[in-house]
Amino acid sequence: MTSSAADNVYVLRFTFHVSRITHHVFRRLVPAVVRRYHDPAMPTFFDTHAHLDYPDFSQDLPELVERARVAGIERIISIGTDVESSRRAIALAERFEGVFAVAGWHPTHVLEAPEDLRPALRELVKHPKVVAVGETGLDYYRLPSRQPGGTPSNDEAYKRKQALIFQQQLEVAAETGLNCVIHQRAALEDTLTILQPFASRVRGQFHCFADDAAAMRRIVGMGSLVSFTGILTFKNGQNIRDALAATPMGHFMLETDCPYLAPMPYRGKRCEPAYVKEIADVAAQVKGCSLDELSATTCDTAREFFHKLK
Ligand SMILES: [Zn+2]
Ligand SMILES: [Zn+2]
């Protein structure tokens, strides 16, 4: 071997060695530094209602999940709004350890729903990370008669289909021992009427709760519970804060409903699971408890309600 060839081999071996050390440093040290960043004594929370499968998040999901973890948001439940969206939520639960899924069909999309959703739903909820059925329920806020060309008979057909698809989801929940994530807007009476016959077997999470304390008491009286979003932090959210103040500990959870309803100081921007922290700060003030107490009560309530949540 000539001396220059020997030099080359030496340089190559040296470079290889350095690159292995660099690789090792990055693999071991960087995650350790990132882990340090999340103080283990920090109170942890769950985002019990997020739409991670929406296109709003397609560009930065790994970073978003990491930001949530660093903020102490240990679990994120991604909610399906139809069969395809539920499949995407399940795929995300398979991809990220702290993400779980809920499978169902949203009331405002029922005109595209099959006449019998149950067979598809029974398959979806078998997945070990599907922790509830939904989101389902009734939404009379934007009825077809208020759209151009809509008539009252369109409203009746829409409401009938919402009731049918809601009832089918309650049936699958009852059969499989799961609870239901309930979306209810301007339709409280009809929602409670449909839920009532199932109430001994299925509990509902009335998500994005935006009604008064009297409505909350009827819901809790049926064994169901409520959950609060960033609306809690809005200047004009006093009625929601009053409803939370009246809600007994153990009967409410926290959620973002992201990408919607970013709490203060992010109002109007894209919401994400890390912002449960801002919602928790206000919730603790309203309940007059510490963040540690709020963490314990809301996480225990979520684990009990979504009993497949690990
Ligand atoms: Zn909803
Ligand atoms: Zn939702």
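For region 173-190, name all the residues that are away from ligand 2 (no atom under 16 Å from the Cβ) and assigned to a strand (DSSP E or B).
None; the set is empty.
In this structure, does Phe252 turn out to be open to solvent by less than 10 Å² (accessible area, probe 1.4 Å), more than 18 Å from Ala68 (Cβ to Cβ) and either touching a strand residue (DSSP E or B) at 6+ places or on another chain (Cβ under 9 Å) or more than 16 Å from ligand 1 (Cβ to nearest atom) (or both)?
Values: open to solvent by less than 10 Å² (accessible area, probe 1.4 Å): yes; more than 18 Å from Ala68 (Cβ to Cβ): yes; either touching a strand residue (DSSP E or B) at 6+ places or on another chain (Cβ under 9 Å) or more than 16 Å from ligand 1 (Cβ to nearest atom) (or both): yes.
When the stated conditions are applied, Phe252 passes them.
Starting from region 136-155, take each residue that is touching a residue at least 24 places away in the same chain (Cβ under 8 Å) and list its partners that are within 16 Å of ligand 2 (Cβ to nearest atom) and aromatic (Phe, Trp, Tyr), counting only C-beta distances under 6 angstrom and pairs at least six apart or across chains.
Thr136/Phe166; Gly137/Phe166
Sort out which residues of region 45-76 are in contact (Cβ under 8 Å) with a residue 40 or more places away in the chain, part of a helix (DSSP H, G or I) and out of contact with any Phe, Trp or Tyr (no Cβ under 7 Å at 6 or more places or on another chain), and write them in order of number.
Residues satisfying the conditions are Asp56, Phe57, Arg67, Ala68.
Of these, Glu112, Glu84, which one is of a type outside the set (S, T, N, Q), free of Cβ contacts under 8 Å to residues at least 12 places away in the same chain, farther than 25 Å from Val226 by Cα and open to solvent by 10 Å² or more (accessible area, probe 1.4 Å)?
Numbers: Glu112 fails: free of Cβ contacts under 8 Å to residues at least 12 places away in the same chain.
Among Glu112, Glu84, only Glu84 is of a type outside the set (S, T, N, Q), free of Cβ contacts under 8 Å to residues at least 12 places away in the same chain, farther than 25 Å from Val226 by Cα and open to solvent by 10 Å² or more (accessible area, probe 1.4 Å).
Are any of the residues in region 128-137 basic (Lys, Arg) and surrounded by 14 or more Cβ atoms within 10 Å (Cβ to Cβ)?
Within region 128-137, the first condition is being basic (Lys, Arg), and the residues that meet it are 129.
Of the ones still in play, those that are also surrounded by 14 or more Cβ atoms within 10 Å (Cβ to Cβ) are 129.
Within region 128-137, one or more residues are basic (Lys, Arg) and surrounded by 14 or more Cβ atoms within 10 Å (Cβ to Cβ).
Exactly one condition in (1) aliphatic (A, V, I, L, M); (2) touching a Gly at 6+ places or on another chain (Cβ under 7 Å); (3) open to solvent by 30 Å² or more (accessible area, probe 1.4 Å) is not met by Ala91; state its number.
Going through (1) aliphatic (A, V, I, L, M); (2) touching a Gly at 6+ places or on another chain (Cβ under 7 Å); (3) open to solvent by 30 Å² or more (accessible area, probe 1.4 Å) one by one, Ala91 breaks only (2).
Taking the options Thr136, Thr108, name whichever one is closer than 22 Å to Thr193 by Cα, assigned to a helix (DSSP H, G or I), modelled with pLDDT of 95 or more and within 13 Å of ligand 2 (Cβ to nearest atom). Show your work before the answer.
Working: Thr136 fails: assigned to a helix (DSSP H, G or I).
Answer to the selection: Thr108.
List every residue pair whose Cβ atoms lie under 8 Å apart, where the two residues are 6 or more positions apart in sequence or sit on different chains, the first residue falls within region 207-219 and is modelled with pLDDT of 95 or more, and the second residue, located anywhere, is of a type outside the set (A, V, I, L, M, F, W, C) and more than 16 Å from ligand 2 (Cβ to nearest atom).
Asp212/Asn239; Asp212/Asp242; Ala213/Asp242; Ala213/Thr247; Met216/Thr247
Hey, any hits in region 129-140 for a residue that's touching a Gly at 6+ places or on another chain (Cβ under 8 Å) and away from ligand 1 (no atom under 16 Å from the Cβ)?
Within region 129-140, not a single residue is touching a Gly at 6+ places or on another chain (Cβ under 8 Å) and away from ligand 1 (no atom under 16 Å from the Cβ).
Cβ-Cβ distance below 7 Å, separation of 6 or more or different chains: which pairs start in region 297-310 with a residue that is of a type in the set (A, V, I, L, M) and end on one that is surrounded by fewer than 20 Cβ atoms within 10 Å (Cβ to Cβ) and in a helix (DSSP H, G or I)?
Partner pairs satisfying both residue conditions: Leu309/Arg303.
Looking at region 271-280, can you tell me whether even one residue there is open to solvent by less than 20 Å² (accessible area, probe 1.4 Å) and of a type in the set (Val, Ile, Thr)? Give the steps one after another, and end with the answer.
Step one: of region 271-280, the residues open to solvent by less than 20 Å² (accessible area, probe 1.4 Å) are 271-274, 276, 279-280.
Narrowing the set further to residues that are of a type in the set (Val, Ile, Thr) leaves 276, 279.
Checked region 271-280: at least one residue is open to solvent by less than 20 Å² (accessible area, probe 1.4 Å) and of a type in the set (Val, Ile, Thr).
Cβ-Cβ below 7 Å, separation at least six or inter-chain, first residue in region 269-290 and over 25 Å from Glu63 (Cβ atoms), second part of a loop (DSSP other than H, G, I, E, B): which pairs?
Ala284/Ser290
The values are calculated or read from the model by the stated rules, or taken from the named source; none is laboratory data. Values in this document were obtained by computation on a predicted structure and should not be read as measured data. Every residue, glycine among them, receives a Cβ derived from its backbone with ideal geometry; neighbour counts consider all protein chains shown. We work out accessible area using only protein heavy atoms, side chains counted, and drop any ligands, DNA or RNA first. Shrake-Rupley method; radii C 1.70, N 1.55, O 1.52, S 1.80 Å.
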